[in-house]
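The values are calculated or read from the model by the stated rules, or taken from the named source; none is laboratory data. Please read these numbers as outputs of a predicted model, since none were measured by experiment. Backbone-built Cβ (ideal geometry, glycine too); neighbour counts: all protein chains shown.
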Amino acid sequence: MPFAPPVPASLPASVEVGLGSGGLPVVRVAGRQGSAEIYLHGAQVTAWTPAGGRPVLWLSATSRFLPDAAIRGGVPICFPWFGAKAGAPSAAAHGFARLTEWEFVDAQEAGDDVVLTFRLGDTPATRASAWPHRFEALYTVTVGTRLALALRITNLEPEAVTFEEALHTYLRVDDVRDVRVAGLEGAPFLDQLAGLTEAPGASEPVRFEAETDRIYLGTDAAATVIDPAGHSVTIEKRESHSTVVWNPWAAKARSMSDFGDEEWTGMVCVETANIRGDLVRLEPGQSHTMTAVLAAVA
Ligand code: BG6
């Protein structure tokens with residue numbers, strides 16, 4: 001049978017749908033100010049390059065591209081929980097959104113930008129999951145000199161619901177051991193490598209000298225990845241009060257089958273999120289939009 005994923009009735013010339021790695025449907029964007037690739041699996045942006053610039057996102061060369069696995073790199077969407085689901089040890093880490101094929105509902109050119117919209121609603125499978133609620137998720141990806149990612153969740157239940165979310169952004173760096181992340185100074189964090197103990201805020205930017213896995217809570221601040229080799233990036237955010245910073249370092253990378261043994265030096269995750277004490281509560285019919293805006297620093 002010919003390949004025919006559901007696509008918007010009309011697409012601008014800068015957008016095409018094809019088959020990507022593993023035969024999964026992918027949306028390819030070649031805009032005037034930037035190019036990008038977005039898999040319908042997870043609505044996962046796996047590549048973004050501003051015009052005249054370098055690729056900003058990191059994607060593992062050993063990633064799986066399978067309907068029931070998460071893609072390792074780009075921007076996985078973690079929803080409706082982050083990490084392990086409390087009280088549901090067998091539930092998939094980081095929720096079902098990154099494991100589910102989203103609908104591609106719209107693509108428009110807006111000036112020099114290309115704006116794409118993806119949708120995920122509840123299904124019998126999600127209603128049987130550890131988060132069984134009725135909802136609609138709309139994800140708007142704006143590709144241009146900046147990459148803007150907006151995740152809008154609407155509660156379709158007749159009662160209030162809560163959820164966690166993260167735009168789990170994998171950034172390409174030259175060597176993480178030379179990188180700093182600025183913007184989180186003073187913010188206390190939960191150290192995931194020390195049983196989620198709370199550590200006081202530091203006065204200096206984050207440096208990487210070992211495995212790092214921190215959830216900064218109660219921070220709306222923009223973060224800047226400072227890479228002396230030229231891969232510096234700012235991440236501004238709206239309606240996000242948590243920021244996760246992660247690098248697996250050597251031993252953890254070796255233990256992951258979809259992460260190359262040596263690849264950990266070339267990436268860092270700075271994740272725009274609402275987690276744990278910052279989780280989102282929505283009344284019936286209410287919506288919430290969390291936004292991350294990435295810009296390469298020249
Ligand atoms: C990070 C978490 O966000 O994601 C880490 O803080 C986790 O604890 C990492 O190891 C990767 O998670 P996963 O499920 O994609 O392997």
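Overview of values
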| item | result |
| --- | --- |
| Of the criteria (1) within 14 Å of the ligand (Cβ to nearest atom); (2) free of Cβ contacts under 8 Å to residues at least 40 places away in the same chain; (3) in a loop (DSSP other than H, G, I, E, B), which one S257 fails | (2) |
| Residues being farther than 15 Å from L151 by Cβ and either at pLDDT below 95 or assigned to a loop (DSSP other than H, G, I, E, B) (or both) - total across the stretch 74-113 | 11 |
| A250 vs. criteria assigned to a helix (DSSP H, G or I) and either surrounded by fewer than 19 Cβ atoms within 10 Å (Cβ to Cβ) or within 11 Å of the ligand (Cβ to nearest atom) (or both) | yes |
| Counted residues, the stretch 215-247 - those being crowded, with 18+ Cβ neighbours inside 10 Å, within 17 Å of the chain's Cα centre (by Cα) and not aliphatic (A, V, I, L, M) | 11 |
| Tally, over the stretch 79-93, of residues that are crowded, with 24+ Cβ neighbours inside 10 Å and near the ligand (Cβ under 10 Å from one of its atoms) | 1 |
| Residue satisfying all of: in the stretch 139-186; free of Cβ contacts under 8 Å to residues at least 40 places away in the same chain and assigned to a loop (DSSP other than H, G, I, E, B); farthest from the chain's Cα centre (by Cα) among these | G186 |
| T142 being under 22 Å from M290 (Cβ atoms) and either at pLDDT 95 or above or hydrophobic (A, V, I, L, M, F, W, C) (or both) | yes |
| Unmet criterion (only one of (1) over 18 Å from V143 (Cβ atoms); (2) within 11 Å of the ligand (Cβ to nearest atom); (3) in contact (Cβ under 8 Å) with a residue 40 or more places away in the chain) for G73 | (1) |
| The stretch 94-128, subset more than 16 Å from the ligand (Cβ to nearest atom) and among the small types (G, A, S), residue nearest to the chain's Cα centre (by Cα) | G121 |
